[in-house]
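No value in this document is a laboratory result; all are computed from the given coordinates. It should be emphasised that the depicted structure is a prediction, and the values quoted were computed from it without experimental measurement. Cβ coordinates were reconstructed from backbone atoms using ideal geometry, including for glycine residues, and neighbour counts include every protein chain displayed.
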Amino acid sequence: MSNLLALAILLLSSTPAPTAGDQSFCNDAPYKRDSIYMSNLRSLAGALIGDAARLHSATGAAGKDPDRVYGAVLCRADSAGADCARRLRDALAAIDGDGRSPCALHRDVAVYSELYQLRFSDRNFLANFSNAPEWVDVTNPDLVPLAVAAQFDERVMELLGAVADAAAGRPGRWAVGEAPWSSSGDRDRTVYGLAQCTWDMPPDHCRACLGGVMAERRRKIGSGKMGTAVFGARCTLRYEMDVQFFNVTGNSKMVSLRKKKDRAFFIIATAYTSAVLCTRLFFWLLSVWRKQKRKMDLTEEPQNMDEILRLWRIEDASLEFSFYDFSQIADATDNFSPKNILGEGGFGPVYKGVFPDGQEVAIKRLSARSRQGLIEFKNEIQIIAKLQHKNLVRLLGYCIHEEEKMLIYEYLTNKSLDHFIFDPIRQASLKWKRRIKIVDGIAQGLLYLHNLSRIRIIHRDLKASNILLDSDLNPKISDFGMARIFPSDATQATASRLVGTYGYMAPEYVSDGLLSIKSDVFSFGVLLLEIISGKRSSGFQHNGEFYNLLEYAWELWKDRRSNEFIDQSFGDDYEMEELMKYLAVALLCVQEKTIDRPTMPDVVAILSSDGITLTEPKQPAYSYAKLDVSVNVAVLSSRNDVTITTTNGR
């Protein structure tokens with residue numbers, strides 16, 4: 001009896017492991033019992049739950065519009081397949097008409113729990129890897145001491161970032177980890193974390209999804225919480241203090257941030273010895289590689305193209321764009337007739353095409369001599385597919401045929417901005433008010449790329465020829481072949497390759513390869529000067545003398561002669577106060593030091609308001625690039641401007 005009493009006291013006094021609760025989400029659109037939609041839902045759910053029991057997650061669709069159903073289910077990676085399948089079936093039964101859930105018989109429904117997540121919808125949320133709806137749950141509301149809350153949050157973010165990186169890089173798309181934590185006067189403690197995506201997500205999509213979840217946690221949870229979980233349809237994160245809430249054993253599967261001091265000497269010695277032994281081998285292999293590289297074509301060898309295409313189609317099956325056959329593109333362009341060429345981009349010509357149903361498209365055909373290979377090509381596809389904004393060009397699909405690589409975009413009737421502002425006749429059709437509306441649209445597009453999209457994008461080649469205009473002369477940023485996904489919590493990175501266009505590249509990027517959102521801000525400033533003046537930044541001359549456009553604008557600004565900088569085709573149809581504001585913003589954007597340049601939220605706020613006092617611009621940087629003759633520069637386009645790629649950002 002005494003033993004039973006002791007056991008009862010122990011159970012009552014023990015602190016249970018924190019657990020996440022259950023949460024349901026649904027919209028107001030219902031479906032009827034025994035309907036085609038219900039049949040499709042049950043069929044899809046049965047297939048996905050069976051796959052999730054084996055693979056821990058599954059996604060798919062069933063049926064035809066308007067009764068087509070899209071679904072995603074996820075079992076926590078350490079859970080037993082049969083147990084998770086049972087839980088998923090119980091959750092499905094609750095929303096499938098038995099009346100136990102307020103979300104029963106709703107077309108768009110999600111149910112999240114500690115061990116599983118599911119979502120079914122008549123909307124194609126799979127197309128853009130949407131993680132909505134997201135649920136942030138405080139699983140342990142206990143707080144660390146206020147004095148160390150900031151350091152604790154940094155430690156948590158470090159751990160979550162590490163497990164997110166590991167999850168994105170592993171085939172199963174999940175990882176767990178641990179990090180030590182201690183503060184003054186406190187015992188040594190451990191923080192445990194888990195990150196998981198549905199297994200079909202490509203690594204960059206998975207990491208971007210987890211990055212968004214981390215940002216959501218930071219926005220919605222106060223500082224110092226000892227346990228939090230964020231659940232979504234495609235990815236999830238969780239951490240707990242002192243409670244290993246997952247069932248994983250063995251250090252080989254655990255990401256650990258513990259410092260292994262006892263191994264430090266061994267690691268250093270091994271690294272030093274290896275470096276000495278491998279140096280000669282490295283340089284020998286490098287010389288052999290360089291010799292072989294000279295013999296290779298600039299494009300990839302096509303022998304593995306079928307396998308590459310197969311993998312791409314699997315990865316991109318749920319994205320909202322199409323794979324076109326070469327014959328379709330050839331027919332649409334009248335076999336690439338020269339009369340259908342719209343212009344010449346950095347990587348090849350752009351054709352107008354018309355499909356049999358009358359749809360007009362713009363087809364970017366990459367030159368066989370182009371330095372945009374498969375990596376850049378896929379980069380452009382996947383980046384644009386994630387971005388949806390009225391000031392960004394819309395990708396419709398792509399085509400690969402032998403060595404041919406093509407991108408199919410929406411067709412914009414007015415071509416590109418440089419087609420207007422640099423032409424003596426056409427520039428008169430873009431009056432001052434129309435030009436500042438174009439500037440505002442470009443600023444909104446960049447603001448979306450830098451701050452408002454799920455992933456942060458640095459364009460790296462913003463220029464007049466990459467701003468397309470629709471039938472109403474609304475601007476759309478195009479050409480994402482050089483764009484780069486940038487961590488939301490990073491301030492700058494070092495580029496492995498220098499890419500961009502002379503006259504638009506920021507000085508720190510040209511000289512040291514340093515890349516940040518301020519690189520795009522610099523390019524925006526140069527573009528704004530061109531739009532105001534109607535003059536190119538490269539090759540600009542005044543009174544027979546060659547100037548840098550930035551220098552010319554600065555000289556007129558200092559001398560209070562800004563009205564001389566404006567495009568003379570405006571006549572008197574502009575307001576001097578408005579001109580001064582836009583010119584001041586342009587000069588602030590092209591400052592030598594990045595800290596002196598505004599961010600795009602700052603730019604948008606200034607341009608949309610008349611009550612903001614501006615900082616007086618300093619002397620701007622000079623945008624021409626000084627390159628050592630030893631740098632391997634490849635000229636990719638000689639029309640209008642020069643786009644360059646170098647092997648190293650120095």
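A few points about this structure:
- Between the C-alpha center of segment 470-540 and that of segment 129-159 there is a gap of 35 Å.
- Going from the residue with the fewest nearby Cβ atoms within 10 Å to the one with the most, Arg173, Arg68, Arg187 rank Arg187, Arg68, Arg173.
- Förster-model FRET efficiency, 22 Å R0, Leu55 and Lys220, C-beta, rounded to 0.05: 0.15
- Ordered by the count of other Cβ atoms within 10 Å of each Cβ, fewest first, Val136, Val111, Val439 give Val136, Val439, Val111.
- About its Cα centre, the dipole of segment 23-121 is roughly 140 debye, where the only charges are +1 on Lys and Arg Cβ and -1 on Asp and Glu Cβ.
- With eigenvalues of the C-alpha gyration tensor scaled by 5 and rooted, segment 140-262, Å: 24, 17, 11
- Dividing the radius of gyration of the alpha carbons in segment 483-534 by their Kirkwood radius gives 1.01 for Rg/Rh.
- Checked against a 26 Å cut-off, the cross-linked pairs Lys581/Lys618; Lys386/Lys415; Lys339/Lys433; Lys476/Lys558; Lys463/Lys593 give Cα-Cα distances beyond that limit for Lys339/Lys433; Lys476/Lys558.
- A simple spin-label model places pseudo-atoms 7 Å from Cα toward Cβ; at Asn474 and Glu555 they are separated by 4.1 nm.
- Histogrammed with a bin width of 5 Å, the alpha carbon distances of segment 113-172 distribute as 3, 11, 13, 18, 22, 14, 10, 6, 2, 0 percent, first bin at zero.
- Segment 165-217 and segment 399-469: distance between their alpha carbon centers, rounded to Å: 37 Å
- Computed over the Cα atoms of segment 23-121, pair by distinct pair, the Kirkwood hydrodynamic radius stands at 13.2 angstrom.
- Geometric extent, Cα atoms of segment 138-209 - Rg, Dmax (angstrom): 14.4, 46
- Spin-label model, Arg189/Leu143: points 7 Å from Cα along the beta carbon direction are separated by 1.3 nm.
- Euclidean distance between Cα centres, segment 42-57 to segment 103-123, Å: 14 Å
- Derived value for segment 550-620: Kirkwood hydrodynamic radius 12.8 Å. Basis is the mean of 1/r over every pair of different alpha-carbon atoms.
- Neighbour counts of other Cβ atoms within 10 Å put Asp65, Asp334 in the fewest-to-most order Asp65, Asp334.
- Segment 72-196 pair-distance distribution - Cα-Cα, 5 Å bins, rounded %: 2, 9, 14, 17, 18, 13, 11, 9, 5, 2, 1, 0
- Computed from Cα atoms alone, the Kirkwood hydrodynamic radius reported for segment 403-478 is 13.6 Å.
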